[in-house]
Amino acid sequence: MSELKLLINQFYSAWRTIGFKRPKLTWTSLCSCNCHAGPEVGLKLRVKKGSSNKVIKGRKKERASCQQVLDHFDQQYSQELGHLWASARAVLLDPHSWQYGVMLNRFSAVTDITQILRSQGFSTLLPQTDASSLLCGGSSTVSNSEQQVEKDSPHDTSKGPPNDSHLLPNITSHAFSQDLQSETSYSLPHPSLQCYIHPYPHRFPSQAHRPGQLKQYYLLNAASLLPVLALQVRDGEKVLDLCSAPGGKALAIMQCANPALLCCNEPDPHRRNWLAKTLESFLPRSLNSRVIVSAQDGRSFGQTEVGTYDKVLVDAPCSNDRSWLYSCSSQQGEHRLKERTRLPALQAQLLRSALTAVRPGGVVVYSTCTLSSSENYSVVETVLNNCPDAEPEDLWEEIAVPLSKYFAFSPAHADHGGETVPKPSLQPLNVSSYHQRHGILVVPQPGKTWGPMFLSRIRRRK
Ligand SMILES: C[S@@+](CC[C@H](N)C(=O)[O-])C[C@H]1O[C@@H](n2cnc3c(N)ncnc32)[C@H](O)[C@@H]1O
């Protein structure tokens with residue numbers, strides 16, 4: 001018993017060290033966290049307040065869904081997804097069932113957080129033996145030749161930023177920024193994208209900002225990592241994140257490899273500030289010269305930087321199904337549905353711009369967080385029809401098959417009338433390889449509530 005108490009004290013002290021925004025945990029709460037009795041377990045973090053215990057985390061506030069948006073989705077998605085829509089709809093309408101991923105930050109000390117996550121029943125989404133080691137392209141050190149690439153890069157900050165609206169995050173001091181003042185002879189922590197997930201809808205608390213310290217983890221929908229895995233960033237590459245705020249995927253890229261340059265572009269000033277804060281909270285100051293923020297309209301970015309980047313991510317503005325479903329008024333819902341009709345044109349322009357910015361032989365990943373085929377497959381198809389030197393690549397074997405244990409994938413195209421939709425995460429028997437090559441779609445399903453997320457990878461021919 002005394003050993004157990006000691007363990008709990010250690011746990012508690014680590015919890016405080018990490019700086020969660022939460023009041024004191026009780027003995028009871030720790031016991032609750034460590035049992036794995038069922039889906040509600042993760043929600044039982046309690047705080048003593050007076051004589052009553054109340055749940056402080058995990059439960060989302062009840063929010064009503066917007067009927068206009070739901071009606072629209074019912075009409076469109078029952079056609080596009082067939083029987084998959086009923087179960088996806090049930091997940092989207094039940095925020096209590098939503099899962100959350102915890103992406104670790106390799107630039108901070110993560111040992112204590114790993115222990116806590118494991119003790120609460122979290123496990124890694126990308127064990128080193130499978131997808132992460134295959135897909136993450138980094139090595140632990142930056143070689144001389146890679147530094148040369150950076151020196152020669154038009155984005156070397158000593159020669160000025162790619163455009164005049166470039167912002168360098170103003171980062172406070174922390175362990176790495178002190179250790180890594182010299183850009184010529186450092187080695188970074190080994191690149192590895194580590195994301196912890198829980199089998200149940202357990203929301204891990206967010207971490208408070210602590211001046212001078214890097215955050216240890218970032219909470220996200222784990223499906224957001226898939227476009228980054230598809231990008232396959234390697235050490236020394238030049239990478240453009242064309243639509244970057246608030247910066248979750250930029251952070252994931254930095255967990256995967258040590259690019260010579262990561263240009264994070266975001267034209268919206270408010271969101272750009274948010275992006276800069278994210279970068280500041282997670283990345284050491286020594287990376288300021290290679291992780292830069294730019295403020296261009298993504299539609300014209302390609303023209304200003306033709307053939308410059310090895311990899312470009314277009315995580316496009318889209319009709320974010322999860323959040324749009326909870327539009328706060330019918331007017332907002334109506335407004336968004338109008339906006340929805342305009343999005344494919346903008347998305348196609350962004351994708352074209354990305355294909356101009358990427359070098360011959362380089363790769364563009366296009367992603368959205370909507371199930372809508374007109375913002376997904378159709379955008380890719382439209383752009384490819386007028387771009388003979390761009391070729392879509394098949395992500396089914398590379399991503400959907402190895403990760404089907406966690407995510408429900410559908411490669412189906414819109415025009416199936418509900419008849420040929422494969423079961424999620426099964427080999428697509430009735431879907432032509434043509435459509436499969438245009439992208440894969442993560443459809444939220446009970447027990448695999450990640451998504452929506454569409455991703456497509458396009459290579460520019462040499
Ligand atoms: C889906 S969000 C990106 C999320 C981000 N990649 C992440 O992982 O945190 C799309 C972003 O595109 C930005 N955006 C909108 N119009 C744009 C444009 N014309 N060019 C570039 N970005 C644009 C939006 O302001 C928004 O921040």
Exclusive hit being within 14 Å of the ligand (Cβ to nearest atom) and surrounded by 24 or more Cβ atoms within 10 Å (Cβ to Cβ), set Leu226, Leu261: Leu226
Only one of (1) open to solvent by 10 Å² or more (accessible area, probe 1.4 Å); (2) modelled with pLDDT under 95 does not apply to Leu214, and that is (2)
Among the residues listed as Gln232, Gln255, the single one being closer than 28 Å to His198 by Cα, open to solvent by less than 10 Å² (accessible area, probe 1.4 Å) and not β-branched (Val, Ile, Thr): Gln255
Any chance region 298-308 includes a residue that's assigned by TED's automatic domain parsing to the domain that holds Gly439 and within 30 Å of Gln68 (Cβ to Cβ)? yes
Sole miss for Tyr309 among (1) aromatic (Phe, Trp, Tyr); (2) open to solvent by less than 10 Å² (accessible area, probe 1.4 Å); (3) in contact with a Cys (Cβ under 9 Å, 6 or more places away or on another chain); (4) under 30 Å from Leu92 (Cα atoms) is condition (4)
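Looking at Val443, Val421, Val401, which is the one that is touching a strand residue (DSSP E or B) at 6+ places or on another chain (Cβ under 8 Å) and either at pLDDT 95 or above or open to solvent by 40 Å² or more (accessible area, probe 1.4 Å) (or both)?
Of Val443, Val421, Val401, the one residue that is touching a strand residue (DSSP E or B) at 6+ places or on another chain (Cβ under 8 Å) and either at pLDDT 95 or above or open to solvent by 40 Å² or more (accessible area, probe 1.4 Å) (or both) is Val443.
Quick one: which of Pro267, Pro246 is under 18 Å from the mean Cα position of the chain (by Cα), assigned to a loop (DSSP other than H, G, I, E, B) and within 10 Å of the ligand (Cβ to nearest atom)?
Only one candidate qualifies: Pro246.
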Could you please find all residues in region 331-372 being of a type in the set (Ser, Thr, Tyr) and open to solvent by less than 50 Å² (accessible area, probe 1.4 Å)? Ser353, Thr356, Tyr366, Ser367, Thr368, Thr370, Ser372
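Hand me the list of helices (runs of 4 or more DSSP H) wholly inside region 296-390 holding 3 or more residues that are within 11 Å of the ligand (Cβ to nearest atom).
It comes to 298-304, 330-357.
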Which residues, counting only those in region 84-126, are aliphatic (A, V, I, L, M), outside any loop (DSSP other than H, G, I, E, B), more than 30 Å from Gln67 (Cα to Cα) and open to solvent by 30 Å² or more (accessible area, probe 1.4 Å)? none
Among the numbered criteria (1) more than 9 Å from the ligand (Cβ to nearest atom); (2) in contact (Cβ under 8 Å) with a residue 40 or more places away in the chain, which single criterion is violated by Asp241? (1)
Taking into account only those residues within region 273-289 that are aliphatic (A, V, I, L, M) and assigned to a helix (DSSP H, G or I), which is nearest to the ligand (Cβ to nearest atom)? Leu275
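The values are calculated or read from the model by the stated rules, or taken from the named source; none is laboratory data. Just so we're clear, the structure is a prediction, and the values are computed from it rather than from any experiment. Glycine gets a Cβ as well: all are built from the backbone with ideal geometry, and neighbour counts include every protein chain shown. Just the protein is used for accessible areas: all its heavy atoms, side chains included, with ligands, DNA and RNA removed. Shrake-Rupley method; radii C 1.70, N 1.55, O 1.52, S 1.80 Å.
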